[in-house]
Amino acid sequence: MNFEHTEERRMLADSLDRFIAAEYGFETRNRIAASAQGYSSTMWRRFAELGAIGALLREDDGGFGGGGHDIAVVFESLGRGLVLEPFLASAVLAGEAIALAGSNAQKEILRSIVEGGTIVTLAHDEPDSHYELARVRTTARTDGGSWVLEGAKSVVAHGDHAQLFIVSARTAGAVDDEHGISLFIVPADAAGVTVQGTPTMDGGRVAYVTFDGVRLDAQAVLGEAGHGYDTLERAVGRGVLALCAEALGAMEEARAATLEYLRTRRQFDVPIGSFQALQHRMVDLLLEIEQARSSVINAAAALEGDRVPRERALSAAKMTIGRVGTLVAEECIQLHGGIGMTWELPLSHYAKRLVMIDHQLGDGDHHLQRYIALG
Amino acid sequence: MDLNFNPAEQDFRDEVRSFLAERLPARLAHKVAQGRHLAKADMEQWHAILHARGWLAGHWPVAFGGTGWTAVQNFIFENECALANAPRIVPFGVNMLGPVLIRYGTDAQRRYWLPRILDGSDWWCQGYSEPGAGSDLAAVRTTAVRGVDGDGEHYIVNGQKTWTTLGQYANMIFCLVRTDREAKKQQGISFLLVDMTSPGVEVRPIITLDGGYEVNEVFFTDVRVPAANLVGEENRGWDCAKYLLTYERTNIAGVGLSVAALERLKRVAAQRTRNGRPLAEDSLFAARLARVEIDLENMKTTNLRVIAAVAGGGAPGPESSMLKIRGTQIRQEILALTRRAMGIHARPFVAAALDGDEEMACVGPDFAHAAAAQYFNNRKLSIFGGSNEIQKNIVAKAILGL
């Protein structure tokens with residue numbers, strides 16, 4: 001048994017943590033969060049230079065990592081700093097989809113992703129889907145030698161500043177069939193693409209994207225037409241792990257800030273941490289966060305394994321994170337009292353991120369049901 | 001035992017309902033239902049409508065311009081208002097200061113201030129909390145030093161208040177101030193009415209985590225307050241403070257607000273789908289929804305039991321702490337479920353969609369623009385008015401005798 005990370009991973013985590021602490025302070029982070037772009041191109045290139053993007057992809061795909069624990073280590077650091085750059089959208093979700101299913105020509109995009117150049121994002125969720133991976137109403141039909149794309153995608157991460165979309169579309173089957181889903185690489189500036197950007201509760205930006213008779217050539221298909229579901233599931237699985245690790249980093253920060261507050265804040269002439277009612281709640285949080293950490297380790301270890309144990313471990317982790325992340329957010333605000341309600345306090349932003357992570361790639365209920373179904 | 005309202009109470013409920021149907025402006029009800037922020041003018045408009053009907057001051061005796069309602073009537077009125085999506089009355093003058101002046105004020109103070117509360121001449125805010133004090137109200141440090149000059153007797157006030165809700169609209173603030181620094185904690189505090197337009201008063205906004213603005217810090221630097229603005233006896237302000245708190249905690253269960261929020265949640269759950277079926281039929285979601293509905297029904301009866309126990313008027317004692325704890329838990333759970341029902345659509349946040357009358361073109365399900373913001377904003381329910389931890393201490397001490 002050995003639960004230590006390798007030397008390389010520790011070094012990467014250390015340098016990422018140092019960079020975030022020195023260059024990505026709370027003020028900077030909030031300025032980036034509220035900016036028109038919702039992330040910083042400069043920071044994104046700096047992260048690329050640090051190797052943080054490359055660590056998320058395998059060597060064959062132009063990276064130098066790509067294992068479950070690589071993803072976990074990087075995202076735990078990103079979570080500690082509430083980092084907004086498109087790691088999840090571009091490097092994990094879109095990157096993995098291209099790495100798994102892309103042709104050699106399409107895989108050229110990966111190099112640009114790793115260098116912090118092209119931003120690619122996955123446009124999959126739809127207005128009436130509720131985290132269901134196979135529910136795709138957007139359609140693509142053949143017309144001569146090309147494809148014609150019609151439909152709408154909701155809450156697309158970085159959607160108003162991405163250069164490329166990976167779009168899921170139905171080319172066969174009923175609206176919730178796993179078979180018949182195809183993935184397309186669509187330039188954001190293609191005729192018929194409309195993007196409406198909006199800020200999010202937890203900082204940064206997303207967009208609603210519509211495709212109105214968008215014509216794509218045959219090379220736009222990612223992998224084999226009609227067989228996109230497996231690719232989608234694998235990519236989203238890595239995204240789930242990334243989000244869980246990010247939540248873990250955010251929980252650790254929220255817990256540390258709250259502990260510090262309980263030690264220093266005085267009321268009724270004593271530190272409030274001396275009240276047993278509050279001590280026991282902090283102990284509960286500690287136990288829950290350790291459980292969450294174990295769920296992330298389980299998911300990271302299962303990432304390259306067979307489908308059922310892999311997906312069960314991922315759903316187990318996301319279910320745990322959904323429950324514990326929200327608990328940590330709510331308890332940390334409550335234990336801070338009024339000051340925990342303020343924009344000024346970094347903690348409230350950690351709390352918002354933790355709760356919103358439950359709204360990405362399936363919430364606790366979704367993954368609980370999925371875990372049961374995979375039984 | 002009869003769980004139904006008696007015929008007179010039912011008549012009263014019908015009267016309230018028809019009043020709301022006739023006089024509550026649809027525009028205001030729509031804003032409340034949509035979770036939009038109310039402007040100052042919106043709150044003033046509803047205040048004026050209630051005043052015109054004579055229904056503004058539910059807790060005041062008729063002699064002072066109040067309704068003279070029983071606790072049950074107050075419950076019915078507040079419940080019906082919430083169900084109709086009426087704005088909440090700004091409580092600081094009507095529900096908090098009014099009862100204190102009626103009990104502790106001089107005749108002159110009552111004659112001057114009470115009509116001004118009713119007709120909206122003054123907008124009151126509350127100067128209780130201070131930085132570092134929080135729920136430990138007796139830790140007040142703002143000082144008021146009595147003196148005499150050519151213009152008469154007065155206090156000079158120095159210090160800082162915080163979490164002053166809607167203080168940006170107020171022209172008057174009622175404050176707890178320390179008038180004797182030598183005395184023990186709860187002695188040496190006085191209850192003072194301060195004109196916020198006085199030189200030396202400064203209001204600074206506090207932005208909350210949801211991006212909203214409803215609370216403030218208020219600073220006092222050598223603010224001159226006429227001695228006539230002291231309510232009750234000097235150094236006996238704690239009596240006023242405690243009495244006011246019992247009124248602050250009236251209707252703290254917020255049954256009507258929870259019922260209204262639950263109805264909205266049910267509408268959302270019927271519209272949103274999971275796996276192609278309404279969320280309301282999804283086993284996990286339906287179970288959570290049913291559980292909170294049962295909790296709410298139970299609390300409604302608990303609330304009525306408490307009200308029945310204080311029949312004849314007045315405000316409940318430590319029982320209100322139980323209502324506050326459970327009431328806030330239930331409302332927070334309903335708001336959490338509403339957020340969860342939005343799925344991915346809970347994340348987008350357009351602040352402008354919550355302000356003003358304009359219907360912004362928001363993509364996504366109905367109410368999605370407000371679901372997460374309301375959830376985050378209402379984390380405050382278990383913190384303000386004495387945090388739920390403080391309420392548990394009260395219950396432990398006053399009811400259990402621990």
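The values are calculated or read from the model by the stated rules, or taken from the named source; none is laboratory data. Small disclaimer: the values here were computed from a predicted structure and weren't measured. Every residue, glycine as well, gets a Cβ built from its backbone with ideal geometry; the counts of neighbours run over all protein chains shown.
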Can you name the residue in region B:257-308 that is within 12 Å of chain A (Cβ to nearest Cβ), among the charged types (D, E, K, R) and not in a loop (DSSP other than H, G, I, E, B) and, of all such residues, is surrounded by the most Cβ atoms within 10 Å (Cβ to Cβ)?
B:ARG274
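Are any of the residues in region B:238-247 among the β-branched types (Val, Ile, Thr), in a helix (DSSP H, G or I) and in contact with a Gly (Cβ under 8 Å, 6 or more places away or on another chain)? Please lay out each step first, then the result.
To start, the set of residues in region B:238-247 that are among the β-branched types (Val, Ile, Thr) comprises B:246.
Now restrict to residues that are in a helix (DSSP H, G or I): B:246.
Now narrow it down to the ones that are in contact with a Gly (Cβ under 8 Å, 6 or more places away or on another chain): B:246.
The answer is yes, given that some residue of region B:238-247 is among the β-branched types (Val, Ile, Thr), in a helix (DSSP H, G or I) and in contact with a Gly (Cβ under 8 Å, 6 or more places away or on another chain).
Only residues that are of a type in the set (Lys, Arg) and either more than 8 Å from chain A (Cβ to nearest Cβ) or surrounded by 24 or more Cβ atoms within 10 Å (Cβ to Cβ) (or both): list them for region B:381-397, please. Explain how you work it out, then say what you get.
Residues of region B:381-397 of a type in the set (Lys, Arg): B:392, B:397.
Of everything in region B:381-397, just one residue is of a type in the set (Lys, Arg) and either more than 8 Å from chain A (Cβ to nearest Cβ) or surrounded by 24 or more Cβ atoms within 10 Å (Cβ to Cβ) (or both), namely B:LYS397.
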Against the definition (at pLDDT 95 or above and of a type outside the set (Lys, Arg)), how does A:GLU27 come out, yes or no?
yes
Checking B:SER190 against (1) buried (at least 17 other Cβ atoms within 10 Å of the Cβ); (2) farther than 25 Å from B:TYR112 by Cα, which test does it fail?
(2)
A:GLU330 being within 14 Å of another protein chain (Cβ to nearest Cβ), without any contact (Cβ under 8 Å) to a residue 60 or more places away in the chain, outside any helix (DSSP H, G or I) and within 20 Å of B:LYS380 (Cβ to Cβ)
no
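Identify all residues within region A:209-218 that are closer than 19 Å to A:GLU126 by Cα and either within 12 Å of another protein chain (Cβ to nearest Cβ) or not charged (D, E, K, R) (or both); write none if there are none. If you could, list the steps in order and put the result at the bottom.
First, the residues of region A:209-218 that are closer than 19 Å to A:GLU126 by Cα: A:209-214.
A:VAL209, A:THR210, A:PHE211, A:GLY213, A:VAL214 - these are the residues of region A:209-218 that are closer than 19 Å to A:GLU126 by Cα and either within 12 Å of another protein chain (Cβ to nearest Cβ) or not charged (D, E, K, R) (or both).
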Going through region A:11-39 in order, the residues found to be touching a Phe, Trp or Tyr at 6+ places or on another chain (Cβ under 9 Å) and closer than 23 Å to A:THR118 by Cβ are A:LEU16, A:PHE19, A:ILE32, A:ALA33
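Quick one: which residue in A:ALA72, A:ALA97, A:ALA89 is within 14 Å of chain B (Cβ to nearest Cβ), assigned to a helix (DSSP H, G or I) and under 15 Å from the mean Cα position of the chain (by Cα)?
Values: A:ALA72 fails: within 14 Å of chain B (Cβ to nearest Cβ); A:ALA97 fails: within 14 Å of chain B (Cβ to nearest Cβ).
The unique qualifying residue is A:ALA89.
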Residue by residue through region A:348-361, note down the ones that are facing chain B (nearest Cβ under 9 Å) and either in a helix (DSSP H, G or I) or among the small types (Gly, Ala, Ser) (or both).
A:SER348, A:HIS349, A:ALA351, A:LYS352, A:VAL355, A:MET356
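Let's see how each residue does on (1) under 30 Å from B:ASN378 (Cβ atoms); (2) within 14 Å of chain A (Cβ to nearest Cβ):
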site	(1), (2)
B:VAL203	yes, no
B:ILE206	yes, yes
B:ASP210	yes, yes
B:ARG224	no, no
B:VAL231	no, no
B:ASP239	no, no
The number of residues in region B:130-145 that are in a loop (DSSP other than H, G, I, E, B) and on the phi < 0 side of the Ramachandran plot is 8
Can you tell me which residues in region A:163-208 are surrounded by 18 or more Cβ atoms within 10 Å (Cβ to Cβ), facing chain B (nearest Cβ under 9 Å) and assigned to a loop (DSSP other than H, G, I, E, B)?
A:MET201, A:ASP202
Return yes when A:ALA250 is over 27 Å from A:ILE181 (Cβ atoms), buried (at least 22 other Cβ atoms within 10 Å of the Cβ), of a type in the set (A, V, I, L, M) and in the same structural domain as A:MET341 (by TED's automatic domain parsing) and no when it is not.
yes
Among the residues of region B:134-157, write down those that are among the polar types (S, T, N, Q) and out of contact with any Lys or Arg (no Cβ under 7 Å at 6 or more places or on another chain).
B:SER135
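Can you tell me which of A:ALA277, A:ALA242 is of a type outside the set (D, E, K, R) and in contact (Cβ under 8 Å) with a residue 40 or more places away in the chain? So that I can check it myself, show each step before the final result.
On the way: A:ALA277 fails: in contact (Cβ under 8 Å) with a residue 40 or more places away in the chain.
Just a single option satisfies the conditions, and that option is A:ALA242.
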Mind listing whichever residues of region A:362-375 are out of contact with any Leu (no Cβ under 6 Å at 6 or more places or on another chain) and not in a loop (DSSP other than H, G, I, E, B)?
A:GLY364, A:HIS366, A:HIS367, A:LEU368, A:GLN369, A:ARG370, A:TYR371, A:ILE372, A:ALA373, A:LEU374
Select from region B:274-299 the residues that are hydroxyl-bearing (Ser, Thr, Tyr) and in contact with a His (Cβ under 6 Å, 6 or more places away or on another chain) and list them in ascending order.
none
Could you check, for region A:36-44, whether at least one of its residues is surrounded by fewer than 16 Cβ atoms within 10 Å (Cβ to Cβ), β-branched (Val, Ile, Thr) and at pLDDT 95 or above?
yes
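Test of understanding: among B:ALA336, B:ALA353, which residue is at the interface with another protein chain (Cβ under 10 Å from one of its Cβ atoms), in a helix (DSSP H, G or I) and modelled with pLDDT under 90?
Values: B:ALA336 fails: modelled with pLDDT under 90.
So the residue among B:ALA336, B:ALA353 that is at the interface with another protein chain (Cβ under 10 Å from one of its Cβ atoms), in a helix (DSSP H, G or I) and modelled with pLDDT under 90 is B:ALA353.
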Considering only region A:338-347, state which residues are at the interface with chain B (Cβ under 7 Å from one of its Cβ atoms) and either aliphatic (A, V, I, L, M) or touching a residue at least 24 places away in the same chain (Cβ under 8 Å) (or both).
A:MET341
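What are the residues in region A:362-375 that are within 7 Å of another protein chain (Cβ to nearest Cβ) and over 15 Å from the mean Cα position of the chain (by Cα), if any? So that I can check it myself, show each step before the final result.
Step one: filter region A:362-375 for residues within 7 Å of another protein chain (Cβ to nearest Cβ), giving A:363, A:365, A:368-369.
Within region A:362-375, A:ASP365, A:LEU368, A:GLN369 qualify.
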Take the residues of region A:142-162 that are within 14 Å of chain B (Cβ to nearest Cβ) and crowded, with 23+ Cβ neighbours inside 10 Å: which is farthest from A:SER35 (Cα to Cα)?
A:LYS153
How many residues, within region A:112-127, are farther than 17 Å from A:PHE87 by Cβ and either over 20 Å from the mean Cα position of the chain (by Cα) or surrounded by fewer than 23 Cβ atoms within 10 Å (Cβ to Cβ) (or both)?
2
